[in-house]
Amino acid sequence: MTRMLVAAALIALASAGAVAQVQIGVDNPLRTGENQQAAVRVNDAIFLAYGFGNTFLVTTSAGNVVIDTSSVVRAGRAKELLQRENAGPIKYIVLTHAHGDHAGGVPVWKGVDTQVIAQKEHYEFVNYQQRLAGFFAERNAAQFNFQRPPTGPWAGNYDAKIAATVQFDDRYEFTLGDTKFEVMSTPGETPDHLTVWVPKYRAAFVGDNYYESFPNMYTLRGTKPRWALDYIASLDKVLALKPELLLPSHGEPVRGNAEITRRLTQYRDAIAYVHDGVVRGMNEGKDVFALMQEIKLPPELVVGEGYGNLIWSIRGIYEGYAGWFDLRPATMYDVPPSAVFADLAKLSGGAGAIAKLAAEHVEAGRYVEALHLTEVALATDPQFRPALDARLQALEGLRAKSKNGNERGWLDYHIRLVRKKLSG
Ligand SMILES: [Zn+2]
């Protein structure tokens, strides 16, 4: 791929605001599936290409349906693998949601007669991503370690290009040749999220509402609230279909209704457990940090935290319901805690003493406390080497024990920043 193509691809990704999910356990999600040599034959009619977002091809007697299109970076390769299996015309593209790792490849697949189906929240969601294109470009570049692409001046609130040709509210059905498709609104990961149900194969394409990790109910690159109760209702809707094939847009197909029911029930119950714990705690007057520390899943509901995790989700639920005010009077004003960091440093013997204390925290494995202290020390001198050294060690300590892809992305970003300062 030429450099220009890569740059164009990254711009498209970032402007979609949408570097979103990964195949769980892959360190660099942008490279997911790059070594795939042939499409996976899920059954005689359904094929799968992995990517930063899976792409599915459903073949019928009258042409084909593509479900999700991966990112623009990976769509060409996915198309090549899938069309090797069946090169029939693409009659429909169905987008499980408008994140760039699902919708980015539409131009690669869409022909003049192809219908593109999305849920009606697609319009606002695409505009929201475009509205904040600069904000997301910066954060996506940071989290996934690529150069921030240029995004141009802000062009207004409703200037996004809408790929969908059909937008539905609750349900949309179509039949192509010998195969009926039922598309249903299933909000969760996003408000425009949908599920595709193909009764003939008892196959449910569930997008990002299920993957092998606790859901990313708050993603660090920034998101509107992802409502726990929406996830729960949407998972119930899929369970009621009694699927024999579960086809998530990240990770592997799941086969057999017993296993699918076990997994989706556990997933739904894990979300409900965390949601209800947060709501109970809020009603009891507990603050968000207390709940982040307190709420743990019981062993039978542990679903992994390789992508989303509990503490960000707990805070996402709490602040999704209540917003940012934490009851502290100073928080009502535009003077942040860091305004007095230099005062604290002066009182406690200067940046050197604080950096020393930070290093002691690092030694004891209290890396987050060390990070807080280095911020106080660096408020007096952003280039103060002992504080930068302690900060680097704290970040590397956290990196070494992290089991979460998003957490590692942000730790790596800050490690790069500190290293740059230390070498400058
Ligand atoms: Zn995704």
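Tell me, which strands (runs of 3 or more DSSP E) lie completely within region 127-218 with 1 or more residues that are farther than 26 Å from Pro253 by Cα, among the aromatic types (Phe, Trp, Tyr) and open to solvent by less than 50 Å² (accessible area, probe 1.4 Å)?
Once the strands (runs of 3 or more DSSP E) in region 127-218 are filtered for at least 1 residues that are farther than 26 Å from Pro253 by Cα, among the aromatic types (Phe, Trp, Tyr) and open to solvent by less than 50 Å² (accessible area, probe 1.4 Å), what remains is 166-168.
Six or more apart or on different chains, Cβ under 6 Å: which pairs go from a residue in region 219-236 that's buried (at least 21 other Cβ atoms within 10 Å of the Cβ) to one that's hydrophobic (A, V, I, L, M, F, W, C)? Could you list them?
Partner pairs satisfying both residue conditions: Arg226/Met217; Ala228/Ile271; Ala228/Ile317; Tyr231/Ile271; Leu235/Leu264.
Tell me, please, whether a residue that is within 16 Å of the ligand (Cβ to nearest atom), in a loop (DSSP other than H, G, I, E, B) and of a type in the set (A, V, I, L, M, F, W, C) can be found in region 90-108.
yes
Give me a count of the residues in region 353-401 that are surrounded by 19 or more Cβ atoms within 10 Å (Cβ to Cβ), over 32 Å from the mean Cα position of the chain (by Cα) and of a type in the set (Ser, Thr, Tyr).
Counting residues in region 353-401 that are surrounded by 19 or more Cβ atoms within 10 Å (Cβ to Cβ), over 32 Å from the mean Cα position of the chain (by Cα) and of a type in the set (Ser, Thr, Tyr) gives 0.
Can you pull out the residues in region 88-108 that are more than 16 Å from the chain's Cα centre (by Cα) and open to solvent by 10 Å² or more (accessible area, probe 1.4 Å)?
Gly88, Pro89, Ile90, Lys91, Tyr92, Pro107, Val108
Of all residues in region 182-220, which are within 13 Å of the ligand (Cβ to nearest atom), of a type in the set (Val, Ile, Thr) and over 13 Å from the mean Cα position of the chain (by Cα)?
Val206
Anything in region 249-301 that is closer than 30 Å to Thr55 by Cα and basic (Lys, Arg)? List them, or say none.
Arg255, Arg262, Arg263, Arg268
Under 9 Å between Cβ atoms, which residue pairs at least 6 apart in sequence (or on different chains) link something in region 103-118 that is farther than 24 Å from Glu182 by Cβ with a partner that is part of a loop (DSSP other than H, G, I, E, B) and open to solvent by 50 Å² or more (accessible area, probe 1.4 Å)?
Within 9 Å, no pair qualifies.
Starting from residues that are buried (at least 21 other Cβ atoms within 10 Å of the Cβ) and more than 15 Å from the ligand (Cβ to nearest atom), keep the ones in region 109-121 and report whichever is nearest to Thr69 (Cα to Cα).
So, considering only residues that are buried (at least 21 other Cβ atoms within 10 Å of the Cβ) and more than 15 Å from the ligand (Cβ to nearest atom), the one nearest to Thr69 (Cα to Cα) is Trp109.
The values are calculated or read from the model by the stated rules, or taken from the named source; none is laboratory data. This structure is a prediction, so every number in the text was calculated from the model and none was measured. Counting neighbours? That spans all protein chains shown, and the Cβs are built from the backbone with ideal geometry, glycine included. Heads up: the accessible areas ignore ligands, DNA and RNA and are worked out on the full protein's heavy atoms, side chains in. Shrake-Rupley method; radii C 1.70, N 1.55, O 1.52, S 1.80 Å.
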